[in-house]
Amino acid sequence: MRNKLTLIFAWSLFFMFDVSHAQLNQNRPAILDEIGVDEKLGDTIPLDLRFADSNGDSVRLGDLIQSGKPLLLNPLYYECPSLCSLVLDRVFSAVEDMAWTPGEDYTIISFSIDPDEGPALAKETRDTYLGDLNRQGAEEGWHFLTGREDQIRQLTDAIGFRYKKDERTQEYVHLASVMMISPEGVITRYLYGTNFNEFDFRNGLYEAADGKIGTPVDQIVLYCFTYDPSSQSYVPVAMNIMKLGGLATVIILGIFLTVLWRREKGADRTSKIEFEK
């Protein structure tokens, strides 16, 4: 009897879970199935696309990337009520915390996915963020763009950024993400969410530049980290740390032996002089 009751109870739990799961799927907005990010690492973005900058001038995407400098691509829309502002705030904080400066060490392109938005909104957003940043030269390296539907779609398709306009709310539904692009326009990394920190930001730019930016100290530190997709952040690389540790040991040992050798040589010379006397 007890076994029968246990079996009935188990089947009841399974049925309740199955029904609840089905209800959750039914209640899930269909629009969520149409958004996401399809990573296209190694692909090249269309550099010949033209957008309008915050002054309303037509600019070629490739011309905004400084020679030899990496690019951060930030899809958003300027009248977004929440998520876009959180991502933009996170980018701003990372820029503020870093010693590297937009326009000098790297480029940022924030572009609207809403074709109805124009340069006036882009300029308003630009003035707000760059005014608060107060970093000399940053205005030359952080661009706020708008464009036509076909231009926007070509760029978002190239980076795998899928979004959808909710006709009921008239808002765009999308994920929070930014893309790191090499100086040649190659997609090298995606960062997700609104919590990526300055270190992840800096690592992504360093990786996109193939290690060609930053100080020697930056290059040593960043050499010891790699991107972990599961945690969506940069984590230590044990092998690289061991290599640097081994190199440091060899250098220290070499310095120690050199000092010891010079002391012994000096002592021998002193003894020889005293002997000759």
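Scan the range 60-84 residue by residue and report those that are more than 15 Å from the chain's Cα centre (by Cα), more than 18 Å from Asp116 (Cα to Cα) and not basic (Lys, Arg). Scanning the range 60-84 gives Leu61, Gly62, Asp63, Leu64, Ile65, Gln66, Ser67, Gly68, Ser82, Leu83. Within the range 135-165, if we keep just the residues that are in a strand (DSSP E or B) and at pLDDT 95 or above, the residue that is surrounded by the fewest Cβ atoms within 10 Å (Cβ to Cβ) turns out to be Arg162. Looking across the range 177-219, the residues that are surrounded by fewer than 19 Cβ atoms within 10 Å (Cβ to Cβ), at pLDDT 90 or above and closer than 27 Å to Ile35 by Cα come down to Gly185, Val186, Tyr192.
Only residues that are assigned to a loop (DSSP other than H, G, I, E, B) and of a type outside the set (S, T, N, Q) were counted in the range 87-108, giving 6. Among the residues making up the range 75-98, those that are within 16 Å of Ala138 (Cα to Cα), in contact (Cβ under 8 Å) with a residue 60 or more places away in the chain and surrounded by fewer than 20 Cβ atoms within 10 Å (Cβ to Cβ) are Asp89, Ser93, Asp97, Met98. For the range 111-137, a tally of residues being aromatic (Phe, Trp, Tyr) and in contact with an Asp or Glu (Cβ under 7 Å, 6 or more places away or on another chain) returns 0. Return a yes/no flag: does the range 60-74 have any residue that is loosely packed, with under 14 Cβ neighbours inside 10 Å, modelled with pLDDT of 95 or more and of a type in the set (Lys, Arg). Checked the range 60-74: at least one residue is loosely packed, with under 14 Cβ neighbours inside 10 Å, modelled with pLDDT of 95 or more and of a type in the set (Lys, Arg).
For the range 179-194, check the following and say yes or no: at least one residue is of a type in the set (D, E, K, R) and under 11 Å from the mean Cα position of the chain (by Cα). Yes.
The values are calculated or read from the model by the stated rules, or taken from the named source; none is laboratory data. Quantities reported herein were computed from a predicted structural model and do not represent experimental measurements. In this analysis, Cβ positions are derived from the backbone assuming ideal geometry, glycine residues included, and neighbour counts consider all displayed protein chains.
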